[in-house]
Amino acid sequence: MQQKSLLVIYNPNARKGKIKDVMPYIQQRLSTKFKPCDVVQSKSAEDMIDLARKNAEKYNCIVVAGGDGSIHNVVNGVKSSKGRPILGFLPYGTVNDVCRTLNIPKDLDKAIDVILSGETIKYDIMQEGNNYMVYTFAGGMFVNTSFKTSTGMKKFLGKMAYFITGAKQLFSMKTLPLTVEIDGERHHGRYIMVMVLNSSSAAGFRINKERDFDDGLIDVVLIEKKRSYLIALLTLVKMFLFGLNSVRRQKNVTITKCKSVKIENHLNEPFTQDGEESNFLTKDIKITNPITVFYGVKHK
């Protein structure tokens, strides 16, 4: 059996720059199974996309060491190439929603074990034009905390920095006037949150435990303000604490699976796309061909 080649692409700023210190160890462990096992440092988000694109046909496997943004970049690079390597993820971000979804432990040795075990699954990817999204596209209360929170705060406080930024929004609550078309069915209203979800985890909470990775469908969640901000806010908090099923039957909530969703953003409010800011007037999102990823099946 031919030995597989592997490339590690890492974000040098991850974990306050400490990731550089462990890269020789990561390379040494992975080289026990993969040869050649090479490592490359990205210079920017654009560079990470370019590195993934250029190397997708050269290596059997590409491993991303970084956060959800780094995973987003590498997937976009791979999807824009002809190569289809198996992708592996080492969680070095603040929240690591993708790794949570794939049952990849935060502990470095256990995360490396997931790759060495060789267990893989197909993972659906969302597409909008030439852009690909791995796990979420969302707008409304709290979702912009990922890009509103300063890098300095995240380095100093970690995940707590997101909670502080989110708490400030309680004093400036507003709704989003949107038209959302789900598989051709139009919804129009004022929403406190809209989420297109392709993962079990969002913002560090496991809100979608019943997520199927390769069913060719995405989950759409609409939380509407019908009577008061307080009711809408309590619905939102309940969803994050207890999951989608806890709010599924509420009159101000729509939760459905679909193949495509179109969002018309009437006030051009910023959304978050895999944790990064996205400004748009109209977005057409659909499920595209899945990628193959290493999966922590033994760590459920």
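Quick rundown of the values:
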quantity	calculated
Cα convex hull volume per residue for segment 1-129 (Å³)	107
Sites Lys251 and Phe213, calculated FRET efficiency, Cβ-Cβ separation with R0 41 Å, nearest 0.05	0.85
Separation of alpha-carbon centers, segment 108-132 and segment 10-47, rounded to whole Å	17
Taking segment 37-90 and dividing mean pair separation by its residue count, relative contact order in percent (alpha carbons under 8 Å, at least six apart)	43
Spin-label model distance (nm) - Glu57 vs Lys174, 7 Å beyond Cα toward Cβ	4.8
Phi to ³J(HN,Hα) by Karplus 6.51 cos²θ - 1.76 cosθ + 1.60 over segment 257-269, Hz, x for Gly, Pro	9, 7, 8, 8, 9, 10, 10, 9, 9, 5, 10, 6, 6
Separation between Cα centres of segment 54-95 and segment 230-295, rounded to whole Å	24
Over the chain, equivalent-ellipsoid semi-axes from the Cα gyration tensor in Å	34, 20, 17
Greater than 19 Å apart at Cα, pairs in Lys58/Lys82; Lys33/Lys106; Lys33/Lys58	Lys33/Lys106
Mean separation of Cα contacts under 8 Å, 6 or more apart, over the residue count of the chain: relative contact order %	20
Cut-off 12 Å between beta-carbons: net charge of the residues surrounding Ile291, Lys and Arg +1, Asp and Glu -1	+1
Residue order, fewest to most beta carbons within 10 Å, for Ser5, Ser44	Ser44, Ser5
Amide proton proximity set for Tyr92, modelled H, under 5 Å, gap of 5+	Gly66, Gly67
Cleavage-rule hits, trypsin sites (Lys or Arg not before Pro), segment 175-216, DSSP coil, Cβ neighbours within 10 Å at most 11	Lys209
Ranked by how many other beta carbons lie within 10 Å on average, peptides 192-202, 15-25, 217-227 from highest	192-202, 217-227, 15-25
Simple label model, 7 Å out from Cα along Cβ direction - Lys4 to Lys122, nm	1.7
Spin-label pair Asn268/Gln41, simplified geometry with 7 Å Cα→Cβ offset, distance in nm	3.9
Sum of side-chain charges, Arg186 neighbourhood, beta-carbon under 12 Å (Lys, Arg +1; Asp, Glu -1)	-3
The chain - mean residue ellipticity at 222 nm from DSSP helices (-39,500 (n - 2.57) per run, n ≥ 4, rounded to 500)	-8000 deg cm²/dmol
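Bear in mind these aren't lab numbers, they're just calculated from the coordinates by the rules spelled out. Values in this document were obtained by computation on a predicted structure and should not be read as measured data. Positions of Cβ are generated from backbone atoms using ideal geometry, with glycine treated the same way; all protein chains shown enter the neighbour counts.
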